[in-house]
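Notes to accompany the following structure.
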Amino acid sequence: MLLLWWISNGPADPDDATWPRRDLLNALRWVESRDRPDDQIPDGDDGLAIGPYQIHRAYWRDAYEQDAALGGSYQDCRRRSYAERVIDAYMRRYAPEAWLLGRGERIARIHNGGPEGHQKRATDDYWRRVRARLPAPLPQRR
């Protein structure tokens, strides 16, 4: 009986932990720009990343290819509202299931490391920093 309970209620895979999208975006923004006002955020990565989410031009281009309705230009990524639309399009392209379910680790690591970022050890530390800014995950759906 105890074994049956553990199988159905035991430890969940941490890779499957989920959060509401707003919590994920808030944590990403904190790690990338310390939640500064849009007009006070310095460019990162030697001027190659901009805005509150430190978006690179290639990231924006990929998002735009996914959803041309984004309109605008790369420089619009300096505005939080536009940058969040870019992230939405990018995640719908490269992590649709994770984005839909709110799987924080995959989302954070792809945001930081590109389409295959969730497989790169180089994004482990980034995920730890994002995770530290997140509340307790949502209860697992079984």
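The values are calculated or read from the model by the stated rules, or taken from the named source; none is laboratory data. Just so it is clear, the model here is predicted, and its values are computed rather than measured. Glycine also receives a Cβ, built like all others from the backbone with ideal geometry; neighbour counts cover every protein chain displayed. Remember, those area values only see protein heavy atoms, side chains included, never the ligands or the DNA or RNA. Shrake-Rupley method; radii C 1.70, N 1.55, O 1.52, S 1.80 Å.
Note on the chain: with a GNM built from Cα contacts shorter than 10 Å, the maximum mean-square fluctuation among 21, 80, 121 falls on 121. Taking the stretch 60-105 on its own, what percent of its Cα-Cα pair distances exceed 11 Å? It works out to 63 percent of all Cα pairs. With all protein chains in place and a 1.4 Å probe, the accessible surface of the chain carries 51 percent carbon and sulfur. The Cα-based radius of gyration of the stretch 99-142, divided by its Kirkwood radius, gives an Rg/Rh of 0.99. Taking every protein chain into account, the accessible area of the chain amounts to 58 square angstrom per residue (probe 1.4 Å). Placing one identical point scatterer on every Cα of the chain and ignoring solvent, what is log10 I(q)/I(0) from the Debye formula at q = 0.15, 0.17, 0.18 Å⁻¹? Debye intensities relative to I(0), on a log10 scale: -0.72, -0.90, -1.00.
Could you tell me the distance between the Cα centroids of the stretch 101-142 and the stretch 35-78, to the nearest Å? Answer, in whole Å: 20.
Taking every DSSP helix (H) stretch of at least 4 residues in the chain, weighting each as -39,500 (n - 2.57) and dividing the sum by the residue count yields a mean residue ellipticity at 222 nm of -14500 deg cm²/dmol. By how many degrees, between 0 and 90 and to the nearest 10, does the Cα long axis of helix 80-94 differ from the longest principal axis of the chain? Between the helix axis and the principal axis of the chain, the angle is about 60 degrees. Here the chain is treated with +1 on each Lys and Arg Cβ and -1 on each Asp and Glu Cβ, and its dipole about the Cα centre works out to around 320 debye.
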